[in-house]
Amino acid sequence: MSQRPLDKPILITGGAGFIGANLAALLAERLPGVQLVIVDDFRVGTFETLIDAFDRRGLTPFDGAVLPISLTDVDPLDLIADVDPAIVLHQAAITDTTIADEREMLGVNTQTMRPILEGVEAVGARLVYASSAATYGSPPEADTGEPFRLSSAGKPNNVYGFSKWLMECEHRRFDEDRAARGEAPLQAIGLRYFNVFGPGETHKGKMASIAHQLTRQVLAGDRPRLFEHGEQVRDQIHVDDVCECVLAAAGLGERQNPDVTPTPGVYNLGSGRTTSYAEVADAVRRGLGVEGERFATEYFPMPESIAAFYQSYTCDDLPETERGLGWTPARDPSAATAEYAAWLGARSEHAIETHGGGA
């Protein structure tokens, strides 16, 4: 995928959200003067996330365009035609996995995908879009403790995962239509995000990462709380690694293997390592410098309503991503979690005792 001169904007849907704002800041850092166009309905995203993301990188304030609209209220095909971007980074979605309204979830996450693909095709742009590890549900690899193979997706445990799976299906059908016309695949890449954590997720509320939630609990002077008995294992990945992979997939950024040209398709985006929730709690305590019974983990039963769709094990099959995108993560999840907890602690109003053995 040859790099197109960026004399046109980069369009980021969901650009005021957790990952979208971090992407905008990384692009501004790597490509000074780049034209950024943010589309966000501000259901969860906020201007504060953009401000904080640019500030964290020591950049001048964000001065791009912000379109406060939902992709369900406009025709994405027309929107892309109006912006005429070089690259579309499609991050917009309902990401609350506990929402059970199937009509709403599929309408927002899935039905906008086809016109986005058509819009990208019409203007000759590249597309990188956010899929999810929720597309896997509980595949056979979850029982054997193996990395999730790309082919194992398609039987998600909730409608959120199903909506992301259907996005990939639209992508696949679109390329099948192009192949029938004798055309090459669209320059489009889907990335199945695993558990992303890091700066910028404060406004996600209950959908913030386990690292964020446990850190906030400890900073409030409480014991970290986990479902019994902290044995749930997830592939945790820092948001900076995620953003680097997105840029590599877009033909930008710093690929670890520059000889690899990003190949259109769908890939996992995780660390390729497993970290138990108990290990996350340990990393949080290390980062905050706390110890003792006062901050020992409190375990409680998982509610049946959550257990019905909960993924107790996820792990990225990283070699496929390395081959297709020439990219590998740079951060160790445990060390990055401790660093993140320390970062949150330094910005917290709460003061905690660094050796919490007492009451």
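The values are calculated or read from the model by the stated rules, or taken from the named source; none is laboratory data. A quick note: this is a predicted structure, and the numbers were derived from the prediction, not measured. All Cβ positions, glycine included, derive from the backbone under ideal geometry; neighbour counts span all protein chains shown. What goes into the accessible areas is simple: the full protein's heavy atoms, side chains included, and nothing from ligands, DNA or RNA. Shrake-Rupley method; radii C 1.70, N 1.55, O 1.52, S 1.80 Å.
Taking the criterion of being of a type outside the set (A, V, I, L, M) and open to solvent by less than 60 Å² (accessible area, probe 1.4 Å), would at least one residue in the stretch 21-32 satisfy it? The answer is yes, given that some residue of the stretch 21-32 is of a type outside the set (A, V, I, L, M) and open to solvent by less than 60 Å² (accessible area, probe 1.4 Å). Of all residues in the stretch 280-315, those satisfying the criterion of being of a type in the set (Ser, Thr, Tyr) and in contact with a Leu (Cβ under 7 Å, 6 or more places away or on another chain) are Thr297, Tyr299. Candidates in the stretch 76-102 are the residues that are over 12 Å from Gly119 (Cα atoms) and of a type in the set (Gly, Ala, Ser); of these, the one that is surrounded by the most Cβ atoms within 10 Å (Cβ to Cβ) is Ala92. Among residues of the stretch 33-43 being under 24 Å from Thr112 (Cβ atoms) and in a loop (DSSP other than H, G, I, E, B), the one that is least open to solvent (accessible area, probe 1.4 Å) is Asp40. The criterion of at least 1 residues that are among the aromatic types (Phe, Trp, Tyr) and in contact with a helix residue (DSSP H, G or I) (Cβ under 7 Å, 6 or more places away or on another chain) is met by the following helices (runs of 4 or more DSSP H) wholly inside the stretch 190-306: 277-288.
For the stretch 307-330, the tally of residues that are part of a helix (DSSP H, G or I) and under 18 Å from His229 (Cα atoms) stands at 1. Restricting attention to the stretch 127-165, the residues that are within 21 Å of Ala93 (Cβ to Cβ), surrounded by fewer than 21 Cβ atoms within 10 Å (Cβ to Cβ) and of a type in the set (A, V, I, L, M) add up to 1.
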